[in-house]
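The numbers here are math on the coordinates, done by the rules we state, and not lab data. From a predicted model like this one, the values you see are computed outputs, not experimental measurements. Counting neighbours? That spans all protein chains shown, and the Cβs are built from the backbone with ideal geometry, glycine included.
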Amino acid sequence: MLTPPEHWTPDCAREPRLPLLGLPGRSLTFSDPVEVGERLGTLLPVRSCDPVHPARAAVPFRCHMGGLQLGALGLVSLWGTGLHGELEDPEMATLVVPYRGRGHFRIGRRSLLNLAGHTLLLIPPGPWRTSNDYLGGVTIRIDPAQLQAVGRAMAGALARPERWLALARAPLVLTQAEKGRAARFARLYRSLAFLHGVVRRHGAVPDNLRLDDLLQRQIVELLAAGLLAESAAPEPSAVDTTLDSLIDWMHAHRHEAISLTELEQRSHYSRRYLQYAFKARFGCGPMQYLRRQRLWRARHRLERADPGTTVSGVALACGYLSLACFRRDFRQRFAISPSELLARRRAA
C-alpha cells in the first residue's frame, strides 16, 4: 500500500507514486499536452491547459493521470511535466493535495502558493488559474452544501447552522505547521493511500466501506476544527430514548452501507457525544458496535451457507477487505474460525 512521504519534501520521489496512478483501467500516461487537456476536460471543468515549458528532446513532455468518482467526490491524480491551467467550476469546491513541487494559483484577485509538505489549498466554486513547476498531486472536487451537511452532523443538533454556511465558500490555505494540523494532514494522506490500495486490490471501492464519508469528515476536520469544538451534548433526558432508537435502526440496516455521518444525522448527537454514548453503554464506539453486529450476521450466513458461499465473500459483504483481519476478529468473538464453521455446515 502507498504511504505518504515521511517528511513530505518537495520532489520526494522520481517515480509517479500518487494514489490512483498505475491502476489498470483508471490511469493513463500521455506524451502530448493536447491529449492531456482533452482527457482532463472529461474529469475537471478545464477551459485551457498548456505546458509550462516547451518539450525538448532531453526533457520530453510526460503526464500520468488517474481518476475516480467516490460517491459525490471526484478525485484526479496528476504527475509529470508542469502545466498552466484555467478552470471554472460554478458548483464544486476543490481541495488540492500536493505531493511534490509548488503550485501557483490565481483565484479572483488573490495569488496563492500551495507547497508540497507544507500546505493544502481549498478553492471555492468559481473560476481559477494555476501554474505548477511540476505536476504531483491529487485534486478532490467537493460539493460545499454536502460538506456543510456533514459538518453540521458532526457538530450535533445544537450547533448553529448559520455558522456552517461559509464552509468551502472562500479560498483557504491550510498550513501544516498550525496547531493540530500535522496529524490531520497525515490522516488525509494515509486515507488516500488506503483508497489506492482498495482499488488496486478490488478494482473498485465497496460501498459498505463508505470511504467517501471518511474523506469528507477528514476534510471538515481540516477546514472547520473551530466549529467542531463548539459542539454541545444533548439534554440527558433525551439520551436513552434516542440511543435505543438508533440501535434498533442499526440492527435493521446492518446489511447496508452505513456511515458515521448518517448515525450522527439520525441521532442528532455530535461526533463526540455519539462516541461517548456508545462507549458508556457498550464499551466501544458506534462503528465498532456495528462491526460486532456484522460479525453476528457473518456467523448467521456461515451457519446457513449454501454451496456457493465462501469465507472471503462473507468477509467482504460484512465490510472486511482483509481476510486475515476477518478471521482474527471472528475467532476472537466466537472462539472458532469462519472456515471451521463453514466446514461444519457443509459436513452437516
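Mind checking region 75-129 for trypsin sites (Lys or Arg not before Pro) that DSSP puts in a loop (not H, G, I, E or B) and that have at most 12 other Cβ atoms within 10 Å? It would help to have the intermediate numbers written out before the result.
Values: sites: R100, R102, R106, R109, R110, R129; in loops: R100, R109.
For trypsin sites (Lys or Arg not before Pro) across region 75-129 that sit outside H, G, I, E and B with at most 12 neighbouring Cβ atoms in 10 Å, the list reads R109.
In the chain, which longest range has no GluC sites (Glu not before Pro) that are both DSSP loop (not H, G, I, E or B) and surrounded by at most 16 other Cβ atoms within 10 Å? Display every interim value, and only then the final one.
Details: sites that count: E6, E91, E178, E230, E256.
Here the longest segment lacking exposed loop sites spans 257-348.
Rounded to the nearest 500, what is the chain's calculated 222 nm mean residue ellipticity when only DSSP H runs of at least 4 contribute -39500 (n - 2.57) each, over all residues? Provide the component values of the computation, followed by the final result.
Values: 12 runs with 144 residues, N = 348.
Dividing the helical sum by the residues of the chain leaves -13000 deg cm²/dmol.
Between the alpha-carbon centers of region 276-348 and region 96-138, tell me the distance in whole angstrom.
Their Cα centres are 44 Å away from one another.
Once label points are set 7 Å from the Cα along Cα→Cβ at both R345 and R110, what is their separation, rounded to one decimal in nm?
5.5 nm
Reported to two decimal places, what Rg/Rh ratio describes region 155-201 when computed on Cα atoms with Rh from the Kirkwood expression? Mind showing how you got there, number by number?
Numbers: Rg = 15.3 Å, Rh = 13.7 Å.
Here Rg/Rh amounts to 1.12.
Only Lys, Arg, Asp and Glu count, each charged at its Cβ (+1, +1, -1, -1), so figure out the dipole size of region 27-195 about its Cα centre, rounded to 20 debye. Intermediate values should be presented prior to the final figure.
Details: 20 positive and 12 negative charges, 153 e Å.
It works out to roughly 740 debye.
Compute the relative contact order of region 27-195 as a whole-number percentage, counting only Cα pairs closer than 8 Å that sit 6 or more residues apart in sequence. Please list the in-between numbers first.
On the way: 340 pairs, mean separation 35.2, N = 169.
Across region 27-195, relative contact order equals 21 percent.
With contacts defined as alpha carbon pairs under 8 Å and 6 or more residues apart, what's the relative contact order of the chain in percent? Don't skip to the end; give the middle numbers.
Working: 601 pairs, mean separation 49.5, N = 348.
Relative contact order of the chain: 14 percent.
May I ask for the net charge around E262, where only other residues with Cβ less than 15 Å from the Cβ of E262 are counted and Lys, Arg are +1 while Asp, Glu are -1? Could you put the intermediate results ahead of the total?
Numbers: positive: R152, R210, R217, R254, R266, R271; negative: D207, D212, D213, D248, E256, E264.
So the environment of E262 carries a net charge of 0.
List the trypsin sites (Lys or Arg not before Pro) within region 27-83 that fall in a DSSP loop (any state other than H, G, I, E or B) and whose Cβ has at most 12 other Cβ atoms within 10 Å.
On the way: sites: R39, R47, R56, R62; in loops: R56, R62.
When the trypsin sites (Lys or Arg not before Pro) of region 27-83 are filtered for loop state and at most 12 Cβ neighbours within 10 Å, R56 remain.
Relative contact order of region 234-348: what whole-number percent is it, with Cα pairs under 8 angstrom and at least 6 residues apart? Before the final figure, lay out each step's value.
Details: 75 pairs, mean separation 22.6, N = 115.
Over region 234-348, the number comes to 20 percent.
Please say if the chain is rounded, prolate or oblate, where rounded means a/c under 1.5 for a ≥ b ≥ c the square roots of the C-alpha gyration tensor eigenvalues, and otherwise the choice is prolate for a/b larger than b/c and oblate otherwise? Don't jump to the answer; show the numbers that get you there.
Details: a/c = 2.53, a/b = 1.44, b/c = 1.75.
Cα axes put the chain in the oblate bin.
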